[in-house]
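Read the structure below first, then the notes.
Coordinate-derived values only; no laboratory data. These numbers were taken from a predicted model, which means no experiment stands behind them. Counting neighbours? That spans all protein chains shown, and the Cβs are built from the backbone with ideal geometry, glycine included.
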């Protein structure tokens, strides 16, 4: 039974990622990914992980959760799991447990991730101030963002529940799609479009609009059929998806004034990476009227690292 | 010729407010308000103020500007004035000049303003964590917001150019209004609606929709005619305006997770204060699907202090 600095966990709406931490860094060979659906509770998932890892004694735990963090009892937004610091601490033999929002963890990872994992999407000429605010934005099961403010002392992360803001539409056609996404829900939030389910519903709506029958594709299949240019309806859905993504991240870049750059993450974003080079994305990102020049000058990268939130947890241990 | 700690200035899209500062506090009897239109440059306005005040020697200056602050040369968004720290420093006899965004200054004022100036708009039962993030939002010549993050060390303000984010619409009728607001501009930003000119254009559009001829009212007249229930078209415009305000601040509260409260400021917001008690405002603020409860629990106040940004400047001197 070994002793380690701690346990890092990243609990998303679909998957849980876990790793042991030493010296503020993730031990790469201890990383595992579980499907949430295979466990009743987060405690069960952590317990299984610790058993497999040979019951290490963890000094502390930093757990990133896809939920607003307000106190020590957390309820997830896109999943029925709930979290209690003292219950999780018990499984860890009394270790101190700290919760972070998953995007807070991602933002803290920005200075630590392997730079070769940051793939350029837009690299404008303009010089970036070294202390400018950076933004990390991602779409997977849900959508969220966080700003990393650089301060003289400790950095600070601002995050919230961006995915629940209103999905911005600009045309009659987009409003019809908004109305489709809002059925049974009264409204369409950003993540009703910018998520895996969102991609599927955009595809379904596109088929409906064209008088075709939608096939029962998964979001991953839609992304693949779009990428390989096999199914024009899937391609159209992908283009609409990156249009929304560009518009929303342009809005968030203005709201947070993230002149230091935008980093895109999330499984669905990665699955549609090829479409970030299409004109729809850049056009929607930069169409900000008098602030077009400001937004056009912001670098955009895609973070190709599914375990970056663990890196952020380790950095805050 | 006296010596004072410094000069505080708040330069908006229409008016400039100035005051002398001692011991980190605004000297109340030194506050003046100028119309920007009466001066060629901000230097001329400051020079006139200093002459009137008997040429005090200012140790430093903190100047809040309605513009994104990125470096020492600033260009306003809603006004042709530009700012250069060394040019302004010269008029001040070599005093060090620091620029803040005007909403940054407002956020820093939140702990310093006279509490009786904070008029309750919504006071939910829910207990607010003392260190929760607060949001200040205002509509005047333009629209913006800033978040005050409470940290263990110095507080931090996150601000940007929220007024340039996309105006969120949810119905066919609102999309027609969005299209009207976007004419000659390709798009309608938040501040195309949530500003004085926005109120006037919403009124014009409402008349157009009803087949009436819009009168050449100023935004202040529209607000007065709405408040006194004299003109139903002005009242309808005011209701639509607070609907947009509620929706946008609800979105911003989610984006910044400002569970510590929302403080409303700005001349146009104050002129429509009575409409914040109408059901349209609360309905739009809280209509956030699964996050309805979260947003409903956030206290909302109206800051009735036109010089609060000066208080924020003084606090940062």
Report task. May I ask you to report, in nm to one decimal and beginning with the shortest, the distances from residue A:220 to the same position in the other copies, taking label points 7 Å along Cα-to-Cβ? Result -> 6.3
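If each DSSP helix of 4+ residues adds -39,500 (n - 2.57) and the sum is divided by the residues in the protein assembly as shown, what number results at 222 nm, nearest 500 deg cm²/dmol?
Numbers: 24 runs with 228 residues, N = 634.
Theoretical 222 nm ellipticity from helices: -10500 deg cm²/dmol.
Within 10 Å of each residue's Cβ, count the other Cβ atoms and sort A:10, B:233, A:29 from fewest upward.
Details: A:10 28, B:233 21, A:29 7.
Sorted ascending by nearby Cβ count, the order is A:29, B:233, A:10.
What is the antiparallel percent of DSSP beta bridges lying wholly in segment B:124-298, to the nearest 5? Show your work: numbers first, answer last.
Numbers: 11 of 15 bridges.
Around 75 percent of the beta bridges assigned by DSSP in segment B:124-298 are antiparallel ones.
In square nanometres, what is the average projected area of the Cα convex hull of chain A?
Working: hull surface 68.2 nm².
Taking a quarter of the hull surface, the average projection is 17.1 nm².
Order by neighbour count: A:293, A:191, fewest other Cβ atoms within 10 Å first, most last. Can you show the working numbers first?
On the way: A:293 11, A:191 28.
In increasing order of surrounding Cβ atoms, one gets A:293, A:191.
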Query raised in the report: What FRET efficiency do you get for residue A:87 and residue A:152 if R0 is 45 Å and r is their Cβ-Cβ distance, rounded to the nearest 0.05?
Result: 0.75
Report task. For the protein assembly as shown, list log₁₀ I(q)/I(0) at each q in 0.07 Å⁻¹, using the Debye formula over Cα point scatterers of equal strength and ignoring solvent, two decimals each. Result -> -0.46
Report task. Report, for residue A:150, each distance to the same residue's label point in the other copies, shortest first and in nm; define the point 7 Å along Cα→Cβ. Result -> 2.9
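Would you mind telling me the antiparallel percentage of the DSSP bridges in the protein assembly as shown, rounded to 5? Walk me through the intermediate numbers first.
On the way: 60 of 102 bridges.
Here the antiparallel bridges make up roughly 60 percent for the protein assembly as shown.
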Query raised in the report: With labels modelled as points extended 7 Å from the Cα through the Cβ direction, what inter-label distance (nm, one decimal) is found for residue A:218 paired with residue A:15?
Result: 1.2
Query raised in the report: So what's the angle, to the nearest 10 degrees on a 0 to 90 scale, between helix B:42-52 and the longest Cα principal axis of chain B?
Result: 60
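On full extension of the chain, what length is gained from residue B:179 through residue B:114, given 0.36 nm per residue of separation minus the C-alpha to C-alpha distance? Let's see the in-between values first.
Working: separation 65, 0.36 × 65 = 23.40 nm, distance 4.12 nm.
Answer, rounded to one decimal: 19.3 nm.
Taking every pair of Cα atoms in segment A:46-106, average 1/r, invert it to obtain the Kirkwood radius, and report Rg/Rh to two decimals. Show your work: numbers first, answer last.
Numbers: Rg = 11.9 Å, Rh = 12.2 Å.
Computed over Cα atoms, the ratio is 0.98.
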Report summary line: So, with points 7 Å from each Cα along the Cβ direction, the residue A:229-residue B:125 label distance in nm works out to 6.1
Report task. State the antiparallel share, in %, of DSSP beta bridges confined to chain A, rounding to the nearest 5. Result -> 60
Report summary line: Quick note on B:17, B:316, ordering by fewest other C-beta atoms within 10 Å, gives B:316, B:17
Query - Shortest-first nm distances, residue A:70 label point to equivalent points in other copies (7 Å, Cα→Cβ) - result: 3.3
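If each residue of separation counts as 0.36 nm, what is the full-extension length gain between residue B:186 and residue B:290 once their alpha-carbon separation is subtracted? List each step's numbers first, then the result.
Working: separation 104, 0.36 × 104 = 37.44 nm, distance 3.25 nm.
34.2 nm is the gain from fully extending residue B:186 to residue B:290.
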